[in-house]
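Colleague: Quick one: this structure, given as structure tokens, is what I'll be asking you about.
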Amino acid sequence: MKIKNVDHIGVAVKSIDEALKFWEATLGVKCHGIEEVKEQKVKTAFLPIDDTEFELLEGTAEDSPVTKYIEKNGQGIQHVAVRVEDLEAALAELKEKGVRLIDEKPRIGAGGAKIAFVHPKASGGVLLELCQRN
């Protein structure tokens, strides 16, 4: 598996609008789009810094994984995403190595990226997202 770079860091927030006040007004990092991913019950905002981005995540339903995360842990870093060249091959390799996966097949995430998650119990407590962008 070839990891290309850290793609983004996912930050769970109660309100993207409130969080953007800090990121944009205080730090000067401009949001380059807000998107709702209905299948994942989340609204996202991407804030690029060079080749990496911060992804603000706001749950859109009570049963959203992000809403549940905030209820349990509070706001903060929810996941780290690494970009891979070939997501299907990466998943096959991890499965062959016996790595516990949340997603055994890619799904479509924000920005049209193909994504899949590695279970945090397999990666030392880190929710790791693998993503492939075309």
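The values are calculated or read from the model by the stated rules, or taken from the named source; none is laboratory data. A quick note: this is a predicted structure, and the numbers were derived from the prediction, not measured. All Cβ positions, even for glycine, are placed from backbone atoms using ideal geometry, and neighbour counts span all protein chains on display. With ligands, DNA and RNA removed, areas are computed over all heavy atoms of the protein, side chains included. Shrake-Rupley method; radii C 1.70, N 1.55, O 1.52, S 1.80 Å.
Colleague: Restricting to the range 52-71, name every residue that is of a type in the set (Lys, Arg) and assigned to a strand (DSSP E or B).
Modeller: If we filter the range 52-71 for residues that are of a type in the set (Lys, Arg), which is where we start, we get 68.
Hits for the range 52-71: nothing passes.
Colleague: Which count do you get for residues in the range 1-46 that are outside any loop (DSSP other than H, G, I, E, B), of a type in the set (A, V, I, L, M), open to solvent by less than 50 Å² (accessible area, probe 1.4 Å) and over 19 Å from residue 69 (Cβ atoms)?
Modeller: Selection size over the range 1-46: 1.
Colleague: Does the range 95-116 hold any residues that are of a type in the set (A, V, I, L, M, F, W, C), within 25 Å of residue 35 (Cβ to Cβ) and part of a loop (DSSP other than H, G, I, E, B), and which are they? Full working, then the answer.
Modeller: Start the filter on the range 95-116 by keeping residues that are of a type in the set (A, V, I, L, M, F, W, C), which leaves 99, 101-102, 108, 110, 113, 115-116.
If we keep only those that are within 25 Å of residue 35 (Cβ to Cβ) as well, we get 101-102, 108, 110, 113, 115-116.
If the condition is that a residue be of a type in the set (A, V, I, L, M, F, W, C), within 25 Å of residue 35 (Cβ to Cβ) and part of a loop (DSSP other than H, G, I, E, B), then 102, 113 are the ones that fit.
Colleague: With the requirement that a residue be without any contact (Cβ under 8 Å) to a residue 60 or more places away in the chain and aliphatic (A, V, I, L, M), what does the range 89-107 give you?
Modeller: Once the filter is applied, which keeps residues that are without any contact (Cβ under 8 Å) to a residue 60 or more places away in the chain and aliphatic (A, V, I, L, M), the range 89-107 yields 91, 92, 99, 101, 102.
Colleague: Any residue in the range 74-88 that is touching a Leu at 6+ places or on another chain (Cβ under 7 Å), among the charged types (D, E, K, R) and in contact (Cβ under 8 Å) with a residue 24 or more places away in the chain? Give the derivation first.
Modeller: Start the filter on the range 74-88 by keeping residues that are touching a Leu at 6+ places or on another chain (Cβ under 7 Å), which leaves 78-80, 82, 84, 87.
Checking the rest, the ones that are also among the charged types (D, E, K, R) come to none.
Within the range 74-88 (the criterion being touching a Leu at 6+ places or on another chain (Cβ under 7 Å), among the charged types (D, E, K, R) and in contact (Cβ under 8 Å) with a residue 24 or more places away in the chain), the answer is no, since none of the residues qualifies.
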